[in-house]
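The next block holds one structure in the form of structure tokens; read it before the comments.
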Amino acid sequence: MINIPNEYNKLRKVIIHRPGREIDRLTPSNLSTLLFEDIPYLDRMQKEHDAFSNLLKENDVEVLYLQDLLKKCIEENNVLTKILSFICSESNQFSLIKYLSDKSLFNNQELIEIIYAGLTIKELEEKTGDKISGAQDESDFYLIDPIPNSYFMRDPAAVIGKGIISSKMHYSARIREPFLTKLLFKNIDFLAPERIYFGDNENENRPFTIEGGDVIVLSEEAIAIGCSERTRSESIRRFATNIFNSNSEVSRVYEIYIPAKRAYMHLDTVFTVVDNGLVVAFPDVMNEIKDVIRYEPTNIHGENIVALPINDNRTFNKILKDEFGALTVINTGDNNERYAAREQLADGTNVFAISPSKVITYERNIHTNKALNEHGVETLTINGSELVRGLGGPRCMTMPILRDSK
């Protein structure tokens, strides 16, 4: 029921998360910790996200909402205790279990709200009538932190073929997200993967980090993964070993080094695929890629397969040309250096293909969109003035789970 053979075949199903009250938890004092640059206006942000969702539906894409899936999972499977135990241990607030498990205090919908928006001492005191804090000025202290990055659904997991990567996040502010998504993949039948290629074994826990925004499915045989601020080289090699030892058709994994800077946090912020042999790239980064490691399956002592690292002497563009058979690169900002820098920061490169040469993008990236149009790409635009404040674009906001195989 899940299958992603590449980045551009007709999209059938996608998981997204509508921004909620967790966004209103952002303040100047916690912005940095929660990985935001600015405080979005939630009402307008939700309107922008709803327009994005409607655009997907208008183009025959089945849109699944993360919170609906989580509610279904909680109601139909015995997972609530596991979720509550995780968020309390994550926050080092083990005594909270007795309150959160009390059905007379919190129903399932309220618990789902807490999972995303967090819980303060004051809120718990008002709910229970108990005195939790000793000092009034600590009443707004978060017992459970909010997770406002949740609308960036691309990162906590990546579907590759009929299997998945369950991400291990670089920053602690996001470790709840992959826990929740893996729970869905493991407990909802139509989401069940054939294999979990990474993230299901203890020896793959942090610090072996890998995030979905760095994963680009070039084809059924080849995967490109950014070695970035948030994804480690050792994680890529472990993933490659795992997938080579599965029944997957993948036989090449490319490790693409990009600078470890927040502006280029994932590979998909500087490079995306819109069709076979047609890509969008931010030239300041992509033209400077010199060191590419190619992993190939190699037999060691009979049945054991390892991921053999090979220093690939080809440029990244030559690799793409060889993988696709031909290559056209559309540069961010229509090849204007000033506009490229502006529009890369506004996720002009982070376009999301819903079918070959048909993408969703932010309307504000007018120069990149013009270049896409000139190359025959249909651009469906949305207003992302508030959505972009978290530093993510249309691809960042989506977790595709099913595309046509051809």
*Search the stretch 149-175 for residues that are under 20 Å from LEU402 (Cβ atoms) and modelled with pLDDT of 95 or more and pair each with any residue that is in a loop (DSSP other than H, G, I, E, B) and of a type in the set (Lys, Arg) when their beta-carbon atoms are under 8 Å apart and the residues are at least 6 apart or on different chains.*
ARG154/ARG395; LYS162/ARG195; GLY163/ARG195; ILE164/ARG195
*Could you run through the stretch 300-312 and say how many residues are surrounded by 11 or more Cβ atoms within 10 Å (Cβ to Cβ) and either more than 28 Å from the chain's Cα centre (by Cα) or free of Cβ contacts under 8 Å to residues at least 40 places away in the same chain (or both)?*
3
*Scan the stretch 25-39 and report the pairs whose first residue is small (Gly, Ala, Ser) and whose second residue is surrounded by 10 or more Cβ atoms within 10 Å (Cβ to Cβ) and modelled with pLDDT of 95 or more, with Cβ atoms within less than 7 Å and a gap of 6+ or a chain change.*
none
*Here is a list of conditions, (1) of a type outside the set (Ser, Thr, Tyr); (2) at pLDDT below 90; (3) closer than 18 Å to SER219 by Cα; (4) surrounded by 15 or more Cβ atoms within 10 Å (Cβ to Cβ), and ASN247 meets all of them except one; can you say which number that is?*
(4)
_So the check is Cβ under 9 Å with 6+ separation or different chains; which pairs have a first residue in the stretch 240-251 that's part of a loop (DSSP other than H, G, I, E, B) and a second one that's of a type in the set (Phe, Trp, Tyr)?_
SER246/TYR197; SER248/TYR197; VAL250/TYR197; VAL250/PHE244; SER251/PHE244
*Provide a single number: the residues in the stretch 385-395 that are touching a helix residue (DSSP H, G or I) at 6+ places or on another chain (Cβ under 6 Å), not basic (Lys, Arg) and not in a helix (DSSP H, G or I).*
1
*So which pairs qualify, if the first residue must be in the stretch 376-402 and touching a residue at least 12 places away in the same chain (Cβ under 8 Å) and at positive phi, the second must be part of a loop (DSSP other than H, G, I, E, B) and of a type in the set (D, E, K, R), the Cβ gap must be under 8 Å, and the two must be at least 6 apart or on different chains?*
LEU391/GLU37; LEU391/ASP347
*Within the stretch 189-210, is there a residue that is surrounded by 23 or more Cβ atoms within 10 Å (Cβ to Cβ), at pLDDT 95 or above and either among the polar types (S, T, N, Q) or in a helix (DSSP H, G or I) (or both)?*
no
*When only residues in the stretch 85-109 that are within 25 Å of the chain's Cα centre (by Cα) and within 16 Å of PRO146 (Cβ to Cβ) count, which is surrounded by the fewest Cβ atoms within 10 Å (Cβ to Cβ)?*
GLU90
*the stretch 344-356, residues that are in contact with a helix residue (DSSP H, G or I) (Cβ under 8 Å, 6 or more places away or on another chain) and buried (at least 24 other Cβ atoms within 10 Å of the Cβ)*: GLN344, ASP347, GLY348, THR349, ASN350, VAL351, ILE354
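Within the stretch 255-278, take every residue that is among the hydrophobic types (A, V, I, L, M, F, W, C) and surrounded by fewer than 21 Cβ atoms within 10 Å (Cβ to Cβ) and give me the one that is nearest to the chain's Cα centre (by Cα). Please lay out each step first, then the result.
Here is the first cut: in the stretch 255-278, the residues among the hydrophobic types (A, V, I, L, M, F, W, C) are 256, 258, 260, 263, 265, 267, 270-271, 273-274, 278.
Going one step further and asking which of them are surrounded by fewer than 21 Cβ atoms within 10 Å (Cβ to Cβ), we end up with 260, 263.
Working: ALA260: 17, ALA263: 16 Å.
Only one residue tops the list, namely ALA263.
The values are calculated or read from the model by the stated rules, or taken from the named source; none is laboratory data. Owing to the predicted nature of the structure, the values given are computational and were not obtained by experimental measurement. Don't worry about glycine lacking a Cβ; one is built from the backbone with ideal geometry, like all the others, and counts go over all protein chains shown.
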